[in-house]
Structure formats: structure tokens, C-alpha cells
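Derivation of every value follows stated rules applied to the coordinates shown; laboratory data play no part. Note that the coordinates shown come from a computational prediction; the quantities given were computed from them, not determined experimentally. FYI the Cβ positions are ideal-geometry reconstructions off the backbone, even for glycines, and counts take in every protein chain you see.
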């Protein structure tokens, strides 16, 4: 990226970028139906506007279901999935979400559920733009742009990987650069003949520009601490004069040119944090192992509170409690940390964990990404905005309340516990999901041997966090996964329910959490299995008491139990974990 590209417009110091969340969690990895094309989406916009109040400026689900099933030839389940996706990425109050979920939970039968669905509405134009973004995963930008010309030379893997690395925010930028005119044309006012000349002479209404704010935001003053959506940028008088806005009519060509010359990669993500961020101190706490160096980079020196981002990289040992005002309410990314136990107890905005273990007690409204983790235990007991787990294996992840989507891709032998609005799984094998979710879990291509069970963790802040995230305990569809495949694809049943006898709750390492069982009621068959197991333990204890062992016998029996238990801990590797957790509790 050149310096001119980064500073953008020289007169206004204007910079525009894509909101990362709509790409990462809005563009689903499910291949979109082939009938979703720019031309068909343009036709849908015209159809919605002719449908009066049912379709514009807000569209209800009844009309969308008709369009999706009759014109785009998708199933009702897929139509509802897209409809829900849009709602998850909008600023609906937590109280309203909870009220809607409780209504769905109390609905008597399918007809009442369908009636409640039909009453739901979305912003018409912004929803159509979200459908357009579904094509993002069909374009392999990273592999295309990093491919060498033939004949390619032998690679130095570390050096060349850095040279050819394309960050997610750069992929979003490149996608928009390649498809901007198609994106604008969908919501523009054009004549019936849709040739290139008419498109370039088209106009956009301010309602269309407001819909584009679902994707774009930026700054007018070359200050990354004053971020506004696109429609606020367009209201600037000098911008209006430059692009020729007349009576709230925005020229297509001028707006396209403005966005193109001002478009940059999202400046709050990993690329700019590595380049411009502040290096934070890295305290370790592992007296039994060699302390190895690493880096923590924070963008707090140039980002506002809503866009703070922290990158932690190359950590190989334990990190103690990080208490720094620089990372408060920040986005946190931990990169390439192997066999580590990292506890972050500052209020964070967003967390990305790569090859590491992390536990946080207060990460309000955070985005959380976990990438390439292995043989790690990750505890994030905080209300999160959304979570992505990618390319992990042999990992246990325990989460609190996730406001929107928990997305898991390319993983094997992982165990994930979470309360979330949506669980999205793709290309995963031999994994277990302990879930409380208000929507049906979505299973996509190349999944096998997936186990589903009810949420098995608990902590004192859980109910408060669920309320903050807009999640209720009354609606739980954990046991009703939906397998979504492209038309004509046939796959074996990739999932099953965990047998109740194999269900075990997770105990928190915090003492205050150990008396909080039952915050989310378990299904009766799973609660019965736990009660039966507890009854067996109580019976064994009573038998030992009834045996009336003398002092020497009790000591021998105790040594026998402790010896066998310690042998089991050593054999399973759990002894190292307990020793480390014990050292953290003593801080």
C-alpha cells in the first residue's frame, strides 16, 4: 500500500474502509445459491420497492421467504439463516432480543413460530448488500495474489511467508475494489436498460448511501479517533460539493470515484498494529520453565476506544495478569503462542488468540478470534460480540456469552463450550460442542463425527453477561443442528448427540464460581445422569464410612487413592495444568 493510498484524499484527509465484522461474520462460508447474482439482487430491489410497506424501506420475512424460495430457489431454512444473519450484525437492543427469544420459546407449535418470524423486519437495501457479500468466500484472493510466476523458485518459508502475507483486512479491501460498481449498482437508481453507460450516469438516494454504511466507515479529519459511517461522511458540505450532490441525489460515478481513491485497508487490524502500534511490557509467571521472550503490540496510541486492538505474538510460556490502561477495552489478538497458559484480566474490547491459552474475566462486547491453537486450554469468561475458531486441534475452549456468532472452521479434536446466538461449523472433525444457542447450529461442508451437548460450564457473572448480550436461557436449540449443503450435495450424517452418561460439567478455576451450578437448567436426561453419578459417589463415601477403618487403614487407603490419582494425572498430562493453575491462584 502506498503512502498516498493510506492518507487518501489530500484535500479532505478522507479515508474509508470496510467494517471487518460484516465480512468475517456476515459473509458465511456456505456457498450462496447460484441465483444470487448482481443482476438478480438488482431485480429484487425493484421488486421490493413495488411491494410498498412489506418490502421497502423495511422488508418483512414473509416477503423475503417468497423471494428466496420462489425466485432464488433456496430452502426456507437457508432463507431464514440469511435473515437472522443480518439481524445479528445490527444494533438491536439486548432487551428487544431477549423479548423476541422468549416469545419464540413460548410459541405453541409451528404456526405461531412462523407468525412470529413473518413479523420480523430488516432494512431492505442493507440486507440486499449483505447477500451480495456472500460471494466473498468464492474468490480466493490470498492464494491468487501470493502465487509466483512460473517457474517459481525454492522458497525460504519464513521470509517469503511474510512477503506474501495478505491480512484479512486487505482481502476485504481488494474485494471491494474489484466489485465496487456492482455493489453500488444494486442500490442505485438506473433505467431499465442496464448497460454500462446507464450505470455510470445513475444516481443513489441518501437511503442507499445509509445502507452502504452497513459496510463502510471512515474519517474526514485524518484522525483515527473520530470514526463515522459513510452516510455521515457524505453529509459533509465540502464532500457534497465535490461529488455534486443535489437535493439528496448522489451521482453514481462520483461516489464510486470518491470511495475508490479513499479506500484503505481497515486501519485497526493486525497490519497497522504491527506497523504503528506500541510495544507493551510482557510479564511472565512460570518459575519452573525458561522464560522466553515475545511481543505485545497495542494500537491504543492511534485508535479510539471502540477500535482498539492488541497483538500478542511468539509467546511460548506463561503470561501473568496483564493490567495496563493501554489495553483496557481493547481488541486483543494473541499470535503463535504454543503450550502456554495466558491470563488476561483487564477489560478488553476484542481478542484474537493464535496458538495459545487465554482466560479473561471482563471483555465486554468483544470480537474474539482463535487461530492455529494446539494443545491449549482457553478460558474467556466474558460477554463477547462474536468468536471465530480457525485451524485448531486438540484444544479445549470455554466461553461465556457470545452475542452473535461462534464460527468454527478447519478444526479437529476440539472441545468448545459456549452460550451464543449462532454456532456455525465448517470443515471440522471429531469435535464436541457444549452449546446453549437461540438458533439452530449450522453444519456446513466436510464435517464428520461432531458431538452436541448442552452447555456444561457456569460462573457467577454468566446470567448478567447473557442479559448484556441479549441471550435468554428459555430458548435453546442446541440439539437441532441444520446441515446446509449446496444443491445436489449428499453427505453422511455428520453429527450426533452426546450420550447423557458421557456428560460432565466443567469446574471453574475460580473459587467464587464453584457454587454456581444450575444457572442454565440442563435437559432432564442430562441432569438425571449427573444426579445418578453423584449418588454413586455418595454411596461410595457412605460405604467407606460404614467400613469403620482404623487410623492405619485410613492412611493406607488414602495413600492408595492419592497414589493412583497422581499416576493418572501424570499419565494424562493434567498434573502440569493443575500446577500451573495453582501458581496463578497464589498470585
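Numerical summary
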item: Gain upon complete extension [residue 550, residue 253; 0.36 nm per residue less C-alpha separation]; result: 97.7 nm
item: Cβ-Cβ FRET estimate between residue 47 and residue 189, R0 fixed at 22 Å, reported to 0.05; result: 0.90
item: Extension gain, residue 504 back to residue 110 (0.36 nm per residue minus Cα-Cα distance, nm); result: 138.5 nm
item: Sequence of 101, 181, 222 once ranked by neighbouring C-beta atoms within 10 Å, starting from the fewest; result: 222, 181, 101
item: Nearest-0.05 FRET efficiency for residue 543 and residue 480, computed from C-beta distance (R0 51 Å); result: 0.75
item: Where labels lie 7 Å past Cα in the beta-carbon direction, separation of residue 246 and residue 180 in nm; result: 2.3 nm
